[in-house]
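The values are calculated or read from the model by the stated rules, or taken from the named source; none is laboratory data. It should be emphasised that the depicted structure is a prediction, and the values quoted were computed from it without experimental measurement. Don't worry about glycine lacking a Cβ; one is built from the backbone with ideal geometry, like all the others, and counts go over all protein chains shown. What goes into the accessible areas is simple: the full protein's heavy atoms, side chains included, and nothing from ligands, DNA or RNA. Shrake-Rupley method; radii C 1.70, N 1.55, O 1.52, S 1.80 Å.
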Amino acid sequence: MLPPRPAPRPTDLRGLPCASRIETRAALAVTAIATAWFALAAAWEMFGPLLAGHYASSAGVGIIAENMLRWKIVGPVWEYTASRPPPEMYYCHHPWGIFWTSAAFMKVFGRHDVLCRLPAVLLSAATPPLLYAIGRSIYRPAAGAAAAAAFVVLPITLSFANLNALEVPVMAWTLLGLWGYVRMTQTSRRRYLAVSALGLALGMNADWPAFVLTGGLLVFGAIRAYLLPKRVFGPVHERRYAQWWVLTAFTAALTAALYLALFHHAGKLGDLLASYGFRSSGNNEPLSEVLASRRYWIELSFTPVAIAAGKLGAIVCAARLALLRREHDALPLLYLATATVQYVVFRQGADIHIFWPHYFGAYFALAAAALVDTGAALLERATATRHDGPSATSAAPPPPWPALAALALWLAPLAVVLRDGLPALRYARETGGRFNERGHLIDSDGAKTAFLRWLAPGLPADAAVELHEGMKATWAQVWALGGRVVRTSRPAPRQEPPRGAYLADTRFMLDRDQASLARRFDITAVGPFWALGAAVGADVGADVGADVARARGIEAFSFREREPGLLAWYLVSGTEPEREIVPDPFLTWELRAHFGQPADPPAEAPETLEQKRIAHNIALAAGDGARAAALFAEISAALAPLGARFDDGTELLGTTFHEGARSLLTIFVRAGGPAADDVALAVRSRVVERAPLSTTMADPVTRDVGLPTAISPQRWRAGFLYADPVPIRKRPGTEVFWASMRARERGRAPRLVDRGGASEVEVLRLR
């Protein structure tokens, strides 16, 4: 025999749990602050260019939307094509709702960077109010405020609030569906039935985890309404509940059938099954070992405080469901099950995508509502002031102070979580949502994107752009080229320059391939990026004059960088400098001199440290030892000295460090001569101490942070000075950076002289 079911909560005329005016106002104030903060965090940099990393998938969605409008197709195609793409090119790993949404935005507003983020920003801004509405409807206003506040402090929800991919729309739409379900069971009104079905349907059109949640809700609903005795969860409006169940089940079945038909028509059902078979690979390993390998990612995404609270919330929700027998206590558990399926079943996906456990954020928020309601109830019972009125209309609201006290107690640990959430937000934006990338080299592509956007207007609209594999092409690069057909991993042209352009990043191009291009083509160099093609020379001529357009050889430009103002920092980019591309006669001389082309020294005097470096090399090449010595003294005075000499003659003279939107460490090197074939200057970093007041473990990964030099060390000249700019994307905690001359393959790496055989030297320490 079941014990008697606890008396139902007293409710008001709207079917909501009774609450005092003070509690309601305080909860609304907390929710308003949480919503405003989260909307501001999501909108940060929303008008800026799309860069590399996981965030580049938002550019991919933009490409798909543009293809849908350009070719009038319903299926998603990731790449631009010269003709209407066939169904065989459709992307069939996920439902297509997010692509249709972005296409609708682009149809109304046109092609803009902001539209690749705007749907996610709007849905993220709506999520805290939805969480409040659910918590307030199930429990009380303070519980709703606790849910909203819990969601907006987590590092993972802050970091991916503007990612127009899958998790953000799934959470927003399914939370709308859950709110409609709760209100439908409380009021039996048709409009809430419609809201529930609509929200769940939109969620299922966003991604598959919404099917897991909807299926779980349908199974629970069938057991609750039709298999268990009425005394377990209380009476239900059977007709309305049946209508909701049938409509939701029909919608789920229809949506699944729609995508099965579409994928079958495209011939991609096998591809879908293969992709999810691949995503779930690795399931033979013990779960404990898998979670241990992801420990830092998990702590970085949620913090140990939130993880502990989430575990407690699961226990409390299960206990409430069993003891109080209130059906809505099952909702946090259903969301927990959905997030667990996503994270545990598809292990390969979770191993490479740090955002894979994003759905736990919605669970954590719903569990927070249950925790605060439980705490308030315990405080009420402790003081014998709990009101359990006999009817929905005659009961007086409970006193506000227990609920407010429980909410205040909950906000204290959330402040500890936010302490780690704030630096994680910046860290995510700096790395494109990749964080430590398990030690792999990370580049934002900020300069590369500026180069592509500068180049694109001068290219024929119908001309293809070929990218050398060293460009490491992303959807963001393809988007930045303005909708042109882009081909990657193509060999360099052998005779005539391409009609569009051939682009290369010389930092990731073999020296012999650079030399081959320099011998055969006119080249426009912008920093380390080279462009050749019939249209490139014409565009350069329009910018800097016909003499440049007719010149043979390399013509170089550089990035002139400046810190963004406050408005640009927030709306455009707070993690990259503002860049202007300007002609650079100093870099032109340096490249021509190193690739055997006639090189005239610049007429103007050097002003910047970079120009003085090249002027030193010009003087050395001209045999002007006095001028070279004077410039060397000026440069040395501006550096933090290192004085590290390697046994191959290479000397690390010193460094400069600029702290700003994108901090930059520059290492100055005096070459002893050409380096061995497989030797390059390398910089890596380690976190040696976690951040003060942080609860998250220090990052255990040693990470490569230095990019290859634009002029290969195999082309360096004895006595010349070279500069290696290293973008610094600091990890939380005390991070130490070391430089070394590293052998790429199995060759011998140069060792430091007079340093006990050490191979690397500390060049920067940041706390």
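If you go through the range 141-182 and keep only what is out of contact with any Leu (no Cβ under 9 Å at 6 or more places or on another chain) and assigned to a helix (DSSP H, G or I), you end up with T157, E167. When L665, L653 are checked against the criterion of being open to solvent by less than 10 Å² (accessible area, probe 1.4 Å), in contact with a Pro (Cβ under 8 Å, 6 or more places away or on another chain) and at pLDDT 95 or above, L665 stands alone in meeting it.
Within the range 225-249, count every residue that is closer than 17 Å to L193 by Cα and either under 35 Å from the mean Cα position of the chain (by Cα) or not hydrophobic (A, V, I, L, M, F, W, C) (or both).
Residues meeting the conditions: 8.
Candidates in the range 351-370 are the residues that are more than 25 Å from L409 (Cα to Cα) and among the aliphatic types (A, V, I, L, M); of these, the one that is least open to solvent (accessible area, probe 1.4 Å) is I354. Among the residues making up the range 187-196, a single one is modelled with pLDDT of 95 or more and either crowded, with 24+ Cβ neighbours inside 10 Å or assigned to a loop (DSSP other than H, G, I, E, B) (or both): S196.
Tallying residues that are buried (at least 19 other Cβ atoms within 10 Å of the Cβ) and of a type in the set (A, V, I, L, M) within the range 107-121 yields 4. A146 satisfies every condition listed in (1) of a type outside the set (S, T, Y); (2) modelled with pLDDT of 95 or more; (3) open to solvent by 10 Å² or more (accessible area, probe 1.4 Å) except (3).
Taking V726 as the residue in question, decide whether it is surrounded by fewer than 19 Cβ atoms within 10 Å (Cβ to Cβ), touching a Leu at 6+ places or on another chain (Cβ under 7 Å) and not in a loop (DSSP other than H, G, I, E, B). Judged against the criteria, V726 is not a match. Selection of helices (runs of 4 or more DSSP H) fully inside the range 528-634 by the criterion of at least 1 residues being modelled with pLDDT under 95 and over 21 Å from M509 (Cβ atoms) returns 534-544, 546-550. S636 satisfies every condition listed in (1) free of Cβ contacts under 8 Å to residues at least 60 places away in the same chain; (2) within 22 Å of S558 (Cα to Cα) except (2). In the range 55-94, the residue that is most open to solvent (accessible area, probe 1.4 Å) out of those that are out of contact with any helix residue (DSSP H, G or I) (no Cβ under 8 Å at 6 or more places or on another chain) and part of a helix (DSSP H, G or I) is E88. The residue of the range 97-117 that is nearest to the chain's Cα centre (by Cα), among those that are touching a residue at least 40 places away in the same chain (Cβ under 8 Å) and outside any helix (DSSP H, G or I), is R117. Among residues of the range 585-631 being open to solvent by 20 Å² or more (accessible area, probe 1.4 Å) and among the charged types (D, E, K, R), the one that is nearest to L664 (Cα to Cα) is E610. For the range 454-469, the tally of residues that are closer than 22 Å to P49 by Cα, open to solvent by less than 50 Å² (accessible area, probe 1.4 Å) and hydrophobic (A, V, I, L, M, F, W, C) stands at 6.
Residues in the range 237-283 that are among the hydrophobic types (A, V, I, L, M, F, W, C) and at pLDDT below 90: how many? Give the derivation first.
Within the range 237-283, the first condition is being among the hydrophobic types (A, V, I, L, M, F, W, C), and the residues that meet it are 242, 244-247, 249-250, 252-254, 256-258, 260-263, 266, 269, 272-274, 278.
Within this subset, residues satisfying the condition of being at pLDDT below 90 are 269, 272-274, 278.
Counting residues in the range 237-283 that are among the hydrophobic types (A, V, I, L, M, F, W, C) and at pLDDT below 90 gives 5.
Listed conditions (1) at pLDDT 95 or above; (2) open to solvent by less than 40 Å² (accessible area, probe 1.4 Å); (3) of a type outside the set (F, W, Y); (4) under 22 Å from G643 (Cα atoms) are all met by R684, apart from (2). Given the criteria within 30 Å of W569 (Cβ to Cβ) and open to solvent by 20 Å² or more (accessible area, probe 1.4 Å), does A638 qualify? Yes: the conditions hold for A638.
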